[in-house]
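One structure is given here, and the rest of the page talks about it.
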Amino acid sequence: VVVGAGVVGSAIAMELARRGYEPLLLEQGFDVGEGASKSNSAIVHTGFDARPGSIEATLLARARPLWPAIVEELGVPFLRIGALMLGAHPGDLARLRSEMVPLARSNGVPVEILDGADVARLAPWAMPDASGALLVPDESIVDPFWLTRAYAEAAIGSGGSVRLGAEVVGLSLARGAVVAQLRDGATVVADQVVNCAGLMADAIASLAGDGSFTISPRKGEFLVSEEAFGIDRIALPIPGPMGKGMLLTPIIFGGLLLGPTAHDQLDKRDHSTHRDTREVILHACAGLAPSVAEARPIRAFAGLRTVSSTGDYILRASAVSDRLHHAAGIRSTGISASPAIAQFVADQVERARGWRPAPRPRRLEPRQLDAASGGAVVCLCRSIGAAEVAAASRTAVPVTTLDGLKRRCGVTFGDCQGNLCAVAAVAALANASGVPVTAVTRRGPGSWLFGAPADGWRPAVARHERPRAVPPPSTEADLIVVGAGLAGVGAALTAGHSGRRVLVVERLDRAGGAAVGYGLRLGRSERDALQAFETAGAAAGIGFLGSTTVTGLLPSPDGWVVLGQGESGTIELRASSIVLATGGYVEPAEHLGLDGPRPAGIVTADLVHQALAAGLLPGRQAVLVGDGRSADATWRALVAAGCDVVSMTTRTPDEVRGDTRLESVRFGDAWTDADTLVLCHRLLPQPFLLRGLGSLDARPGCPAPVDQDGRVADGLWAAGTCAAPDVDHRTSLADGSRVASRSIESLRAGA
Ligand SMILES: Cc1cc2nc3c(=O)[nH]c(=O)nc-3n(C[C@H](O)[C@H](O)[C@H](O)COP(=O)(O)OP(=O)(O)OC[C@H]3O[C@@H](n4cnc5c(N)ncnc54)[C@H](O)[C@@H]3O)c2cc1C
């Protein structure tokens, strides 16, 4: 039995299974990797700065040659990008030479010294006055979720098994066997137990009467930035008296990780993050790369390091019985050393038990290698298709939670933090798993996402559907309008009336965008425009391609190529001109960085309306933040569906409470009990498509960079919220029309 399916337990299970034993991995969480293994810097450290002679240094050295095979066999995303330890002061170069170079050499890690000019050439993003740097070319980054899951799946592939939601609460080592008792009353009998319970490893030891070590938590808070500021290597400061300091780490699938802090605490469950810490992290990281001061983080999270009372890894048999083996105290390098820890522990266990290995074929679960793509786009921020979500829902380690799905395919990771895709993602997961949507939780019991609305309630949103042939009559047009919200409708009608061939591509199956989705009380001109689009659009030469998400724009000699993806596959469209009318989304709480933990139930109005349209209740007792038409409509929709909206305010929340689902929200000094916080306070533009063209950086909130006519580039225009998020919805229609007129004038001038 291996207790704890973090990266260490999962690696050990794989190693034991491959040697022919039958490990059972017991994990209290509802996915593998729910502990420190999901919240870390994701660096595969070389160990250049490890304390020589420590178990940690030895195992980091042993792990280095094992990585290529791990990456190759398990197909784990891994990039050798190198690290720069940057010196800011004139004396730093001498320190790097006299302290870090000998340390790295004694650990057998190749390093190079760079002077200030080298740094400026190699890392133009680094602070301009860098006196020099230590280059560690072999430092690498990995996807830690993928790695942990791949280990566990490889264990299963070689005959091991994994049981999730299985908390070990008792251990008996008497009479020549191990009996592990689980919280649900079940017992498991085994020859051997390996304690890989991370922060709780001391608690597992004490279940067997072993009090030989303690583990205490040291919190590290991180910020995530979608914009990487050109930073292509790990950047770290020279360690000071307070420790290693904060790093800048490129994330393997894009973006940048800033942090971590280091703060000792007592509570092993406290993963809260704090708004004040954001400034501390941004300030420290801007010291390494000044442009980072402009970062707009999309998320904060915290991981808890396991600080052991011995100051080193604890990899040994318990003095109580060698049937209990510890793999504990693996503080800041568990990912990096995992392949070597697994071999080391498996050797020790074999010796203790007198086992002889009978290696099994190294079989991987085939689904892990599936290259799934296509289907309707579920995640807009990252263009993740339904086929990828479905494939991720069927991995060998079962996925039952939204967080598990997120770590398998990337949904909910992007700018919107799931507020635009969670409803579809949860529905896809429920469908693949054959459970009701309301049974899918964020990360296990208590963290519910959706409930059932009041009896007899029906979604109130008026449908403005416009049944049209899909695919459209032609894949070529004079003007393609991306998005059929009010701005897109305004643009299409104006261009259509001027006799141009217009094609509107819309991700939903209807026009009207957020105005219709939110059930806003529309003005007469808005209603008339939607009516005209639906009834007379075809006659005016306006094609409508619904249920199709535009995933890319490419300039071509004749204008633009538009790449779209829908249920029936991908489509390539061509036009002389494009009007981008992709609207906006409500700024999620993750961007604000509220103090506290991250329970389920903190959502935006976008998610609320999607959930209600799908017949799901997003909360039972809500606090609503916002005012104006959208907030009023959200309030009406929630109340009609049976949600008790206990307060509606324009104040920004300060702090939240709740381990699994939200319990209360603090505004100033006052706490309000609620299981749901709905934000409807501020719209951010959604011009994500321009990032691919390099017209825009990846910081949230950057509008499409338009001139006064709405032009972004030759033949490329933007209108409505995606260009001007602060402008009221009411002007979107007119703005779309205005920009379309300019684009038609420009086409005429070109012709
Ligand atoms: C801020 C931070 C930054 C880091 N950066 C890096 C880095 O860049 N590179 C690197 O190599 N390492 C890094 N680390 C360290 C690395 O994350 C850890 O060493 C590694 O994840 C530890 O893995 P583990 O399996 O021992 O523990 P965990 O991942 O914590 O797994 C322990 C598991 O045991 C389970 N468990 C506990 N009690 C029970 C029970 N009673 N019954 C059943 N299951 C139980 C838990 O739910 C958990 O899933 C970092 C860590 C932190 C916190």
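Since every read-out is calculated from the coordinates, none of them should be taken as a lab result. Only a predicted model underlies this, so the values are computations on that prediction, with no experimental measurement involved. Please note: Cβ atoms are built from the backbone with ideal geometry, for glycine as well, and neighbour counts cover all protein chains shown.
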*Members of region 132-157 found to be surrounded by fewer than 24 Cβ atoms within 10 Å (Cβ to Cβ) and assigned to a loop (DSSP other than H, G, I, E, B), listed by number*: PRO137, ASP138, ASP143
*How many residues does region 245-268 contain that are assigned to a loop (DSSP other than H, G, I, E, B), within 10 Å of the ligand (Cβ to nearest atom) and within 13 Å of ILE43 (Cβ to Cβ)?*
1
_Some residue of region 294-301 being basic (Lys, Arg), within 11 Å of the ligand (Cβ to nearest atom) and not in a helix (DSSP H, G or I)_ = no
*asked:* Anything in region 1-32 that is within 6 Å of the ligand (Cβ to nearest atom), within 14 Å of ALA150 (Cα to Cα) and not aliphatic (A, V, I, L, M)? List them, or say none.
replied: GLY6, GLY9
_Residues (surrounded by 14 or more Cβ atoms within 10 Å (Cβ to Cβ), within 12 Å of the ligand (Cβ to nearest atom), without any contact (Cβ under 8 Å) to a residue 60 or more places away in the chain and within 27 Å of TRP355 (Cα to Cα)) located in region 164-193_ = GLN181
*Limited to region 399-412, what total is found for residues that are in contact with a Phe, Trp or Tyr (Cβ under 8 Å, 6 or more places away or on another chain) and free of Cβ contacts under 8 Å to residues at least 40 places away in the same chain?*
1
*asked:* Being over 25 Å from ALA126 (Cβ atoms) and surrounded by 19 or more Cβ atoms within 10 Å (Cβ to Cβ): is that true of LEU304 here?
replied: yes
*Quick one: what pairs do we get from region 564-580, first residue free of Cβ contacts under 8 Å to residues at least 24 places away in the same chain, second buried (at least 23 other Cβ atoms within 10 Å of the Cβ) and part of a strand (DSSP E or B), C-beta under 6 Å, 6+ apart or different chains?*
none
*Need at least 1 residues that are surrounded by fewer than 18 Cβ atoms within 10 Å (Cβ to Cβ) per element, so show me which strands (runs of 3 or more DSSP E) inside region 632-751 make the cut, counting only ones lying wholly within it.*
644-649, 655-657, 664-667, 670-673, 711-713
*asked:* Go through (1) more than 11 Å from the ligand (Cβ to nearest atom); (2) touching a residue at least 60 places away in the same chain (Cβ under 8 Å); (3) more than 30 Å from LEU173 (Cβ to Cβ); (4) not polar (S, T, N, Q) for VAL44 and report which single condition fails.
replied: (1)
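Restricting to helices (runs of 4 or more DSSP H) lying wholly in region 1-109: which have 1 or more residues that are surrounded by fewer than 17 Cβ atoms within 10 Å (Cβ to Cβ)? Spell out how you get there, then give the answer.
Details: elements: 7-18, 55-63, 67-74, 92-95, 101-106.
By residue number, 55-63, 67-74, 92-95, 101-106.
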